[in-house]
Amino acid sequence: MTRIQIPSETFTSPLLNKPLEMYVFLDPLCPTCWDMQPTLRKLQVEYGQYFTVRTVLSTQLNNLNTVCNFPNANLSSESFNISKVEHSVFPSIAVKAAEFQGKKAALRFFIKIQEYLFLKTKNVTSFSILQEIAEEVRLDVDEFTRDFLSNECARSFQSDLSITCEMEVDSFPSIVFFNENIEDEGIKVAGNYPYEIYVQILQEMLYEKPEIQDPPSLEKLFDRFHSLTTNEIASYYNISDQLAERELKKLLLLQKVERLLLPNTVLWRLK
């Protein structure tokens, strides 16, 4: 953990009546970022009343060296077909493009990228696969494609890269915590740590022990996160995996969720 000064006002936003703000730096292609998702979700479920989250998308710097300037490409040329192109920076840019159709849409898209990559082992650096993901999460695919190629999307992604540089983040995942006292330093945590470490940081930043809030209903959890594992559900409600699966099967019978049997895990997804 390192302490940093609050960056310029360009990179800070109102805390919306919550005492803390978390900047979460993620790379969709990073396996550790995927591993960290249950921890982030549990923090939001148990202590979300104390903080707002700002997700900042980035990529390893060496991935940026060969990025083509697609907004300036000749899209009218018959030889240009974005669907046939792939690049390691595409997933991050694609999430920014999905964001033009709403924050929830971008979250669903980000989660689906990680599922495709880490559970289905698909090549998410291919734009054709990203279009497939956009269709699966019910985005307007034509609008998504136009936004991906737009100057506005490029500027949005560049803004995230600028924040990454401003806060001197050079590894993923990283989280930077700020409280509402502008005289206090922020706390930067690089890597994925046990859940209790993040709770301890919340307590340090709040100057008091945070209170755990009760989890919402299962249906509201799925509406928020879209897909969850049995183990995550058991953790949120402090119950056994067997009892969690029993409750999940009730939603399955009501056709509110579907169960996906994937290598080494069972994923439950909102229908």
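The values are calculated or read from the model by the stated rules, or taken from the named source; none is laboratory data. Just so it is clear, the model here is predicted, and its values are computed rather than measured. For neighbour counting, all protein chains shown are included, and Cβ atoms are generated from backbone atoms with ideal geometry for every residue, glycine included. We work out accessible area using only protein heavy atoms, side chains counted, and drop any ligands, DNA or RNA first. Shrake-Rupley method; radii C 1.70, N 1.55, O 1.52, S 1.80 Å.
Per-structure values
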{"read-out": "Selection within region 160-185 - surrounded by fewer than 20 Cβ atoms within 10 Å (Cβ to Cβ), small (Gly, Ala, Ser) and in contact with a strand residue (DSSP E or B) (Cβ under 9 Å, 6 or more places away or on another chain)", "value": "Ser171"}
{"read-out": "Residue tally, condition surrounded by 20 or more Cβ atoms within 10 Å (Cβ to Cβ) and either without any contact (Cβ under 8 Å) to a residue 24 or more places away in the chain or in a helix (DSSP H, G or I) (or both), over region 16-35", "value": "2"}
{"read-out": "Of all residues making up region 114-149, the number that are assigned to a loop (DSSP other than H, G, I, E, B), open to solvent by less than 40 Å² (accessible area, probe 1.4 Å) and within 14 Å of Ala98 (Cβ to Cβ)", "value": "4"}
{"read-out": "Output for region 161-198, where each listed residue is touching a Ser or Thr at 6+ places or on another chain (Cβ under 9 Å), of a type in the set (Val, Ile, Thr) and closer than 18 Å to Phe51 by Cα", "value": "Ile182, Ile187, Val189"}
{"read-out": "Candidate set from region 237-266 (those that are in a loop (DSSP other than H, G, I, E, B) and of a type outside the set (D, E, K, R)); member that is most open to solvent (accessible area, probe 1.4 Å)", "value": "Asn264"}
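For every residue, the table says whether it meets (1) of a type in the set (Ser, Thr, Tyr); (2) closer than 14 Å to Glu46 by Cα.
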site: Asn192; (1), (2): no, no
site: Tyr198; (1), (2): yes, yes
site: Gln213; (1), (2): no, yes
site: Leu228; (1), (2): no, no
